[in-house]
Amino acid sequence: MVNLAHKIGLNGVDLYADALDRAAQEALLDDVRKIARAAPLYTPETPRGQKMSVRMTAAGQFGWITDRRGYRYEARHPRGTVWPDIPESLLAVWRAVAPDARVPECALINFYAEGARMGLHQDKDEADFSQPVVSVSLGDEGLFRVGGAERGGKTASHWLRSGDIAVLGGEARLAYHGVDKIRFGSSTLLPDGGRINLTMRVVT
Ligand code: SIN
Ligand code: FE2
């Protein structure tokens, strides 16, 4: 069950606070662990050779990756194996918040350990910007920042908590966004702390 009652707008991005209850969060976490067993988290490098502070893996037909060769979607994990399927628990979230959208082809998994962050960026490696990006937060709180479609515009921030969902669609599909910091240890969902963000996208 996805609860869409607590909707907040942040520069055109729709945030659904407390959308997933604890049992739903635990079920998703279980599925994330299964994915990470088949497709281990790794530390991506930017095209300029900087190690990112988040660790990543993915599920679906495609995973988003970055290395010296650039940002792109790939049908295989850097290890050479295909990505696990997107779990039904996550597909149900997509259908609840984006009933008219196509089926997602990628669920990117970002793991934020203590001190990890993600700089402002656009999600623009997909082919069809009429399709939304749907993101689910699990674990520790993260300070989410959203601007407009141009770099350097005014931004607004909101602490995303475990069970919150963000939808970047319509005018906000190409909004700059990032996570400035996490409040390590603020949630009891992950026994060792940290934040997980699951981002579903249609790629083709
Ligand atoms: C992302 O934009 O890939 C991650 C957003 C988040 O961690 O909430
Ligand atoms: Fe993003």
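Close amide H pairs (under 5 Å, H built 1.01 Å from N) link Glu141 with Arg183, Ser186, Ser187, residues at least 5 positions away or on another chain. A 1.4 Å probe, protein heavy atoms only, puts the accessible area of Ser130 near 90 Å². The magnitude of the dipole of the chain, with charges of +1 and -1 set on the Cβ of Lys/Arg and Asp/Glu and taken from the Cα centre, is near 640 debye. Remark: relative contact order (the chain) = 25 percent; criterion is Cα-Cα distance under 8 angstrom and separation of 6 or more residues.
Residue ranking by accessible heavy-atom surface, 1.4 Å probe, largest first, among Arg69, Arg117 comes out as Arg69, Arg117.
Solvent-accessible surface (1.4 Å probe) assigned to Val179 amounts to roughly 10 Å².
Please report, to two decimal places, log10 I(q)/I(0) for the chain at q = 0.10 Å⁻¹ as given by the Debye formula with identical point scatterers on the Cα atoms and no solvent. With no solvent term, the Cα-only Debye profile gives -0.37.
With bins 5 Å wide beginning at 0, the percent of Cα pairs of region 106-188 falling in each bin runs 3, 14, 25, 26, 18, 10, 3, 0. Binning the C-alpha pair distances of region 74-149 at 5 Å intervals from 0 yields a P(r) profile of 3, 10, 20, 21, 24, 18, 5, 0 %, listed from the shortest bin outward. At q = 0.12, 0.13, 0.19, 0.22 Å⁻¹ the log10 of I(q)/I(0) for region 1-84 amounts to -0.52, -0.60, -0.95, -1.00, computed by Debye summation with a single uniform scatterer per C-alpha, solvent ignored. Which one of Pro191, Asn3, Leu90 is farthest out on the positive end of the charge dipole of the chain, using unit charges on Cβ (Lys, Arg +1; Asp, Glu -1) and the Cα centre as origin? The Cα lying farthest towards the positive end belongs to Pro191.
The values are calculated or read from the model by the stated rules, or taken from the named source; none is laboratory data. Since this is a predicted model, take the numbers as computed values, not measurements. In this analysis, Cβ positions are derived from the backbone assuming ideal geometry, glycine residues included, and neighbour counts consider all displayed protein chains. Ligands, DNA and RNA are excluded from the accessible area calculation, which covers all protein heavy atoms including side chains. Shrake-Rupley method; radii C 1.70, N 1.55, O 1.52, S 1.80 Å.
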